[in-house]
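The block underneath contains the structure these notes are about, expressed in structure tokens.
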Amino acid sequence: MGRDSVDPYLAYPDKGVILLCRTSNPGGSDLQFLDVGGEKLYERVARLASHEWNTSGQISLVVGATFPAEIARVRAIVGDVPLLVPGIGAQGGDIEATVKAGRTQNGTGLMINSSRAILYAGKDDGFATAARQVAIETRDAINQYR
């Protein structure tokens, strides 16, 4: 992926662009850990996206919650660029480790996603109540580490 791959999306500076940087699945390491000029591919994506390509401040990056060390590495590279972090809940990402690794200096900068744990929290008539409860618990757990 080069700048020309994201240019069509960056042509709208009032719209956000979220780029994949480091996935939650272990198999992602097959490619994302490739050495690219002395850095891992996911590190290169983080650096290019947050510095050279982010001229309008509209780029965010996806970084999976199952690898807190990589979240911390990306945060060190990108500064205050927002991170979309899937992998909390059913995928096994740890909320405390994720927030501590990925938050900015002021405790923000994360859009943490938990889909399956909420979506499959309950069945039939109790679904909405169960889903609401899990969503509230997840939110509260995230907020205690900000």
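Once you list every other residue whose beta carbon is under 12 Å from the beta carbon of residue 68, what net charge do they have if Lys and Arg are +1 and Asp and Glu are -1? Net of charged neighbours comes to +2.
One chain, two ends: residue 130 and residue 105. Fully extended at 0.36 nm per residue, the span grows by 5.6 nm beyond their Cα-Cα distance.
Given the DSSP H assignment, sum -39500 (n - 2.57) over each helix run of at least 4 residues in the chain and divide by its residue total; what's the result at 222 nm in deg cm²/dmol, nearest 500?
-11000 deg cm²/dmol
Where does the charge balance sit around residue 3 when Lys and Arg score +1, Asp and Glu -1, over other residues with C-beta under 15 Å from its C-beta?
Details: positive: 44, 47; negative: 4, 7, 52.
Neighbourhood net charge equals -1.
Under the combined filter of DSSP loop state and at most 15 neighbouring Cβ atoms within 10 Å, the range 64-146 retains these chymotrypsin sites (Phe, Trp or Tyr not before Pro): 120, 145. Counting only residues at least eight positions apart within a chain, or on another chain, the lysines with an alpha carbon under 27 Å from that of residue 40 are 100.
Restriction of the chymotrypsin sites (Phe, Trp or Tyr not before Pro) in the range 26-57 to DSSP coil positions whose beta-carbon has at most 15 other beta-carbons within 10 angstrom yields 33. Spin-label model, residue 90/residue 117: points 7 Å from Cα along the beta carbon direction are separated by 1.3 nm.
Other residues within the sphere of radius under 12 Å centred on the Cβ of residue 96, judged by their own Cβ, net out at +2 (K and R +1, D and E -1).
Computed from the coordinates by the stated procedures, all read-outs in this text should not be read as laboratory data. Since the structure is predicted, the reported quantities are computational estimates derived from the model, not experimental observations. Reconstructed Cβ throughout: ideal geometry from the backbone, glycine too, with neighbour counts over all protein chains shown.
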